[in-house]
Each structure stands twice: as C-alpha cells, then as structure tokens.
Amino acid sequence: MAFKQVTSPHAHGAKSTANVMKLVVLATIPGLIALTWHFGWGSLINVVLACLTAVISEALVLKIRKRPLAFYLGDYSAVVTAVLLGLALPPLCPWWVVVIGTVFSVVIAKQLFGGLGYNPFNPAMVGYVVLLISFPVQMTTWITPLALLPEGLSHPDFIESLKLVFSSLAPVDGITGATPLDSFKHTSGLTVDQIYQQDSLFSQAMFAGVGWEWVNLGFLAGGIIMLSNRLFTWHGPVAMLATLALMSLIFWDSGSSQSPGSMMMHLFNGASMMGAFFILTDPVSSTVSNRGRLVYGALIGFLVYIIRAWGNYPDAIAFAVLLANFCAPFIDNYTLPRTYGHTDRRKATERSED
Amino acid sequence: MRQTWVTPGGVHPPENKHQSVTQPIGSLPIPEKLVVPLGQHIGAPAIACVKLGDKVLKGQKIADPAGTVSVAIHAPTSGTVSAIEARPIAHSSGIEALCIEITSDGKDQWIALQGIADFEHTTPKTLLSIITDAGIAGMGGAGFPTAVKLNPGFHRPIDTLIVNATECEPYITADDALIRERAEEIIEGIRILSHTLGNPSNILIGIEDNKPEAIQALEPHTQDTGINVVSFPTKYPSGGEKQLIYILTGKELPSGQIPADIGIVCVNIGTTYAIKRAVVEGEPLVSRVTTMTGEACEINRNYDVLIGTPVSHMLAYNKFDAEKCSRVIMGGPMMGFSLTSKDIPIVKTSNCLLAPSVEEIPHNEPAQPCIRCGMCAEACPASLLPQQLLWYSQAKDYDRLQSHNLFDCIECGACSYVCPSNIPLVQHYRSSKSDIKKAEEEKIKSAQARERFEFRQQRIEQADKEREAKRAARREAALQAKKTAAPNSAADIVAAAQARTEAKQLSPEQEQAKLERAVSSAEMRVQKAQSKLDTAVASEEPEDKIKILSAALSGAQQKLEKAKTRLAEQSN
C-alpha cells in the first residue's frame, strides 16, 4: 500500500492570508465609526462603493488573466485596498471619484504588476495620489465636523447623502470646510496661539482638531488591535510616529507665526494614525526586516513632516508612503538581520567569492 | 537555577504529547520478518558480513562498519538471513537501499554478551571502538556515528558536554518516556561519555519545561555527579543543536563549524542510554524507544521497538485506521517525512511514527501568493528572512540566496508553520540548496576540465617547439657536416658504415648469455600463466576467461620453445 507523500512541516498554524486581511478590515471599524460620527455617512458610502468597484474590477482582471476567481477574490486583498482608499477619500465626494480611484488602485497599481504580492507601490495610495492630482477640487472638499456645524444645519441623512454622491452635486456650503491641517497651513502671519484662538477647529478641540482627533484615536485603536494580533511588528508605525513627533518638536520654535505646528497637532490630525498603522504596514510594498522597517517608518515620518511644513500639500501620507516604497529595496539591501552563527550583517547584494 | 538564553523566533504548535505517555514503554510482538537497512547513519553504509541463509542470533553483527564514519549493524532478533537486497527505506525521498531481511525464528535468542563493569579504568579508545562496534549512531534524528563525535581530536579540547533531552517536536515522547523509566542508566551513559571525552567541566542535560516528570526522574541520579539538569521554556525548535547550544551556553556556533570547534559535544539522550547498554552490558543497538501516536491509531504509546520492524507491523498492532489517516509520518509533524510505503522499517533514528487523522493534520491547502507579511521572519530561529529567500529561490538567484545565508537554514519548518499563505517554504529552500550544491560541483568540474585542457595545449606547444628546435639543430649540423665532410669519397662512407655495424655486434659469449636470459624469462612466464589458469579453474571462473588464460599459456609455451631453439643454434 502506498501512502500520500507530503513535505515537512506537516503541522500548520491557524492564520491564513484571508483572515489577516479580514482582521485588517475589522480593525478599521473604530476609525470608520469616528469618521461617520463626526463627518456623516459619506465615508461609509465611500467604503462600500469602493469595495464593490474593487471586487468587480479585480474579478474582471482575473477573468482576463484566466485565474480562478474564487481563490483569488477569497484573499480579501482587493477589499482591504478599497476600504483604505474609501476611508482616505473626502466624505460625500462624487461617486466617480471613488470608482476611478479604486479601479486605478486595483487594476493599474496591483493587477498590472502581477496581483497580490507583486505590487511595488501601495495600491490605495497610488489611487489616492492619482485622484488628488487629477481632481483637486473634489479631493480637498471636506465636511465640517458635527460639533462645528452652524446652528440649524446637520449632516445630510443616509438617503440624502446617497443622492449627493450620485448626483455629483457639491454639498451645501455650510457643511463643507477646511481640515485642521489645511486651515493651519493657510493662516499665515498668525502665531500658533492666535490660530488656536481664532479657529474653532482648534479652539473647541481636546488636543488636536475637532473630530479629527477622534478619527485618529479610532485608527490608533485599530492599530493596537492589529499589533496585539501580531499582524505586523511595532517597528514601522512607531518609527514613523516617533520621527513625526521628533521633527515637530525640533521645529516647533515655541509657536511663532512661522511654526509648522505642535507635536500633538501633527500626530492626531490628517491621516497620521491611519498612515502609521494601516498604510505603511502594507507588507507587500514595505521593507522586509525589522531594522528595515525602522528606517522605512522613520523615512515616512520625516517626509510627511517636510511636506506638511514646507510643501504644497496640507497632508502628505500618500506621497511619503509612495516615495518610501521606491526606497524599500534599497533599504532592504543594507538592513539584513544578523543570522545565527555570523558575526556581521551582510548586504543583500554581497557576492560569494568565486 | 542556571542561566539560560533565549533564541530569536520559534513557534508554539500544539504539543499533543500527553496521548502517548499515559502508559509505560511497551513492547511489540516480534514481527515475522525484520528489514535492517545497512545505512541507518550518516556516512558510509555498513558492509554485510552474513550470507543468504545464514542463521543469526540476536545481537550478532550482520554488517561491518565501512571506514571511520560508519557503524556496525546487528541482528535485531534470532533467525535466518532471508534476503539481502534493495528495499524502500525511511528516507524523505522514498528511495530504496540495501537491506538485510531476517526471518525471525521466534526464539529471540541473544548471543553471549560481555560488558565492562568498570569503564572508568578502560581507555577512551577502547570505549570508542565498543561504541562503533555496538552500532551506535545519534538517535535524535540525524544519525551521526557517535564515536566520531566523541573523538574530536587533540586540537579541539572539549569543555562542555550537552545532552539533548529537549524533544521539542510536538507528539514525540520517546525521550520523555525513556528518561522517566530509565534515568539511572541514562546518567550512567552520560558518565561513560564524560569519561571518553576526558571529563569536560560542564555537563548539561537540556530539557524543556514541559517534561516535569522526566526532570524529576533525573534529579536523584544527578546529585553530586556534576551533571546539571537545565530546564528552559518550551518553544520549537529549541532542540536544534545550534539553538540548544545557544540556550544553554549563550554561545553561537559559528556558521560552517561543528560544536567541537567551540569545545562542545552535543549528544541525544537516547544515545546515552544506548551507550550505557553497549558498554556495561555489552549489548549492541538492536532496539530503540519509538513513539506510536496520532488519532488514526487507536493506541498511542511508546514502544521498545526492534530495529527493522516494518511500519505495517507497528500500525497493525496499534489498530491503525487507513481511512481516517491523512499521512503516515516518520518523526514529528514539523521535521518528519511522510512515508511512501507501509513496508518501510523502523531504524535507529526513528523516534516517532505519527499517523494523524485528517482533522489533526489536514491535507495541504494550495499556496497563495506571498504578501511578505514577515511572520516567517518573526518565527525563524536563525534570524533569516524566509520571505526573501522564497523570492530568490523562485528566481533562482543563487548569489542573493547565499548573501541571505540560505545555508544557515536548519529546515525546522517554523516559517512554513506560520505562513498564512500556506507556502511550502522549506521545500523551496531544500530544492535551492541542492541546486546550488550541484552548480558548485559543476563549477569545480568545469574548472578542472579547463585546467586539463590548458595544460594539454601547453604540453603540445612545448613538444612542437622542442621538435622544431631539434630539427633546426639537425639542419644546422647537416650543413656543418656538408661543409667539413665535402671532400670525403664514397669509399670512406662505406668504410665508416662497416665500422659502425661491427661495433654493434656482440661477442659470442655475450650473445650466449643474452639467449640464456631469454629462455629463463620465458620459462617464468609459462609458469605464471599456468598458475593463473589453475586458480581460475579452481574458483570456477567463467568459461571464456579460462579460454583466454589457456590461450595465453600456450602462447608463452611457444615463445619458450623458440628461445630454446635459438640458444641451441648459438651453442652449435
């Protein structure tokens, strides 16, 4: 009698790629709740619309590539990309913005490079940057947080929101407004204290920006959930946040009119926490070793601060992550771990002697 | 408490050890036929020293060690040698190798055994030869001949003896059971080892803390012996030699070196028991403790199994259910290999026979793409980057594989275990390792061929040059001769030629002696040919060979006749 022959190891742990991806999606829920609470139904609509678009476009490409649909769709990677992009887009932006961004992310940034595992750039961020450059008006129209809505106005309800999204009409003037980073950037000549007094986005905030601080706390909570489930190591996010904090401490200059803002403002505004835990932790496009992730995270934190403080864009996670994606193989070359029994770390390109 | 060190990485698969230690070590009925492979150890396979049909007793040597890195093989029970042929053996590739089959006579009758009660007054050299002759090779898995390990040479002084009782693989409890029941003999074995190594200053038994009974069993026997039982947290693969050395000493074994290079000898605890039996009782290694476990067998238990017992015999006795079983594994679920056939025998390195149900170890799911999540790197005990190694393995980028230290991979399988994409990483590494080794061999071969070719070219050129030089010299000489000898007449030339021929001719006495020598050497040749033919006939060599030899004989005889006639002519 012959037995089946299989190679070792025979035992296998419980984790699967699909479960990893599902957990990432679940970990975005605190952030999504905070976004929906403070900015209305828009983000939820973005996420659902992006997911639908992503699954359909991924299925089409798989069909063209003659790959088994269920097997590849079952890894949930397209859904993760879609959820992250949906969360990053301004609430109540027109439906075609979401669709174009998602199609670009899934088809161009991921599948054209070979699908899951082969994309050199973070697909969600590629989609985001394409949208930001192509449709600056739609991409910079944010919603006023709930706490700051003018008397008598409220966020549109769910049906109303759907109508706004699909009619591509701009929301009513009163419910749109600048983000704290945007607002801070465009108030020149005022000291930090003056800005904080004048702008209700800051004056009514706990420590960073109305609504935004909750959104960032939500993503921080999601990040901690993923960390405790060991989906990734602490190195990337901590290095990124620490560098961002350090940079803002160094250039704080006690809050003069030239100051790029406080440490708390930078850590808990914009996409800081989402970037740290959900974007730069994308393993496919990041560096591979823990030391590499320290460098990679620090580089992103550094670039984010540089662009926020002296660049043209109020936030910079997407640009910083894409730039760091370029550098990842280079960083990898110099950050191999020291192997057991070796005294030195080696370079990835080191050649064996002939 | 002695200090221990923590290795990076590692995994915690479900231990599943309790099932097989509920009962004491049992024994199996003697199988009708036992199949004993000649190569159960690393090194040259032993050479059979019995013939088909020979009667053998239990413990009788049936194969001699072949060279230094080899050990003897003994009959596991009394009976008759019924086959010496290639059979499927316990090997990850499911290959066949030479085996001796013994048909048991059911008496299990031992040969006369003679042990050494007083090993302390026996020289290490004698002990080492006893260990080799008793057929002892590492029983933890690799099967390295123990005597070779215990003889590291003067340039490698040993200060630490590590006894590996880690047994970190899930399911396996063979060492655990052995320690629980035979701790005293194990300690005796360790003392013998220590004696052969010149009593190293540190003797450590490394054991995971999931075996409290075994630790307790060792304690009374280690008191005041200088032997330390060191327990450390359970984590796979702490039992790997390199890992254990680090855990117990904080030293890393430099890449490419053996433990003796840093003053350490590492021996499996089962081996120390076998050594005690061999030295004190004179009993060669003919059985070992093997764990029979897995849900596809009704009985899970440790057995004292005769080497050569077919797996089928063991499975049947433990009520194996083939329907339930996903695969039959020799060894543990992490590093064991699946068996291709039921007829494969238990060998000296078989610590476990695992027959898991499909629920326990499901069939492999198809691999998904690597997302470089890095869980493998977190699990790797050697601090490698398995995801990068996979990448370069697929690309066959041998330079990158080597710069990422592929050859420091111990193939423990921790990376594949944690991989969420079900990628058989270890399989990729094994294949790349053998590809690289092959490529290197080819490189050496082609370098040699090139060298040979270049040398030949050089030689031909040299010869051509010399020939040309000679020719030139001759031409020169001829020219000179023409110039000086031009006036000589034809008569002179003839006279000169005659003079030369005369000079060449021998005197009659010389001629006589020469012919006599020829006769005697021809006689010798005839004698030689005759004796060759005789031996060939006696040993019943093939007919055509005998024909050739007799033809050679008659040729030699004719030559002798000729030489004799010439001598006679000369004498006349």
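Some observations on this one:
- Condition met for residue B:402 (in contact with a Gly (Cβ under 7 Å, 6 or more places away or on another chain) and either in a loop (DSSP other than H, G, I, E, B) or at the interface with chain A (Cβ under 10 Å from one of its Cβ atoms) (or both)): no
- Within the stretch B:402-420, restricting attention to residues that are under 30 Å from residue A:76 (Cα atoms) and of a type in the set (A, V, I, L, M), the residue that is surrounded by the most Cβ atoms within 10 Å (Cβ to Cβ) is B:414.
- Take the conditions (1) surrounded by fewer than 22 Cβ atoms within 10 Å (Cβ to Cβ); (2) in a loop (DSSP other than H, G, I, E, B); (3) of a type in the set (Gly, Ala, Ser); residue B:129 misses just one of them, which is (2).
- Subset of the stretch B:132-182 that is at positive phi and more than 18 Å from the chain's Cα centre (by Cα) - its residue that is surrounded by the fewest Cβ atoms within 10 Å (Cβ to Cβ): B:153
- Complete set of residues in the stretch B:61-119 that are of a type in the set (Lys, Arg) and either outside any loop (DSSP other than H, G, I, E, B) or under 17 Å from residue B:284 (Cβ atoms) (or both): B:61, B:87
- When restricted to residues that are touching a residue at least 40 places away in the same chain (Cβ under 8 Å) and either closer than 23 Å to residue B:126 by Cα or among the charged types (D, E, K, R) (or both), the stretch B:192-212 contains 11.
- Within the stretch B:279-303, the residues that satisfy the criterion of being of a type outside the set (Ser, Thr, Tyr) and in contact with an Asp or Glu (Cβ under 8 Å, 6 or more places away or on another chain) are B:280, B:284, B:288, B:289, B:294, B:295, B:296, B:297, B:298.
- Checking each residue in the stretch A:17-51 for being within 14 Å of chain B (Cβ to nearest Cβ), in contact with an Asp or Glu (Cβ under 8 Å, 6 or more places away or on another chain) and more than 14 Å from residue A:278 (Cβ to Cβ) picks out A:17, A:18.
- In the stretch A:176-192, the residues that are over 24 Å from the mean Cα position of the chain (by Cα) and of a type in the set (A, V, I, L, M, F, W, C): A:190, A:192
- Test for residue B:486: is it modelled with pLDDT under 90 and of a type outside the set (Lys, Arg): yes
- Of the candidates B:272, B:249, the single residue that is away from chain A (no Cβ under 14 Å) and of a type in the set (Ser, Thr, Tyr) is B:272.
- Test: residue in the stretch B:104-118 that is aliphatic (A, V, I, L, M), assigned by TED's automatic domain parsing to the domain that holds residue B:272 and buried (at least 19 other Cβ atoms within 10 Å of the Cβ): no
- Restricting attention to the stretch B:378-393, the residues that are within 8 Å of chain A (Cβ to nearest Cβ) and either surrounded by fewer than 21 Cβ atoms within 10 Å (Cβ to Cβ) or in contact (Cβ under 8 Å) with a residue 40 or more places away in the chain (or both) add up to 4.
- Test: residue in the stretch B:295-305 that is farther than 23 Å from residue B:182 by Cα and among the acidic types (Asp, Glu): yes
- Filter pass, residue A:313 being more than 11 Å from chain B (Cβ to nearest Cβ), surrounded by fewer than 20 Cβ atoms within 10 Å (Cβ to Cβ) and modelled with pLDDT of 90 or more: no
Yes/no per residue for (1) assigned by TED's automatic domain parsing to the domain that holds residue B:246; (2) hydrophobic (A, V, I, L, M, F, W, C); (3) more than 33 Å from the chain's Cα centre (by Cα):
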position	(1), (2), (3)
B:184	yes, no, no
B:208	yes, no, no
B:214	yes, yes, no
B:219	yes, no, yes
B:226	yes, no, yes
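- Verdict on residue B:78 being closer than 25 Å to residue B:144 by Cβ, among the hydroxyl-bearing types (Ser, Thr, Tyr) and out of contact with any helix residue (DSSP H, G or I) (no Cβ under 9 Å at 6 or more places or on another chain): no
- Residue that is surrounded by the fewest Cβ atoms within 10 Å (Cβ to Cβ) [pool: residues in the stretch A:58-72 that are more than 12 Å from every other protein chain (Cβ to nearest Cβ) and not β-branched (Val, Ile, Thr)]: A:66
- Residue match in the stretch B:48-69 (condition: touching a residue at least 40 places away in the same chain (Cβ under 8 Å), surrounded by fewer than 16 Cβ atoms within 10 Å (Cβ to Cβ) and within 14 Å of chain A (Cβ to nearest Cβ)): no
- Test: residue in the stretch B:311-319 that is among the aromatic types (Phe, Trp, Tyr) and closer than 27 Å to residue B:61 by Cα: no
- Residues being polar (S, T, N, Q) and either touching a strand residue (DSSP E or B) at 6+ places or on another chain (Cβ under 9 Å) or not in a helix (DSSP H, G or I) (or both) - total across the stretch B:422-438: 1
- Qualifying residue in the stretch B:343-355 (condition: out of contact with any Phe, Trp or Tyr (no Cβ under 7 Å at 6 or more places or on another chain) and at the interface with another protein chain (Cβ under 8 Å from one of its Cβ atoms)): no
- The helices (runs of 4 or more DSSP H) found wholly in the stretch A:30-94 and carrying at least 1 residues that are over 15 Å from the mean Cα position of the chain (by Cα) and closer than 27 Å to residue A:314 by Cα occupy A:42-64.
- Residues in the stretch B:522-572 that are among the hydroxyl-bearing types (Ser, Thr, Tyr), in a helix (DSSP H, G or I) and surrounded by fewer than 15 Cβ atoms within 10 Å (Cβ to Cβ): B:531, B:535, B:554, B:565, B:571.
- Checked across the stretch A:165-173, the condition of being surrounded by 13 or more Cβ atoms within 10 Å (Cβ to Cβ) and modelled with pLDDT of 85 or more holds for at least one residue.
- Within the stretch B:209-226, the residues that satisfy the criterion of being farther than 17 Å from residue B:163 by Cβ and part of a loop (DSSP other than H, G, I, E, B) are B:210, B:224.
The values are calculated or read from the model by the stated rules, or taken from the named source; none is laboratory data. Since this is a predicted model, take the numbers as computed values, not measurements. Backbone-built Cβ (ideal geometry, glycine too); neighbour counts: all protein chains shown.
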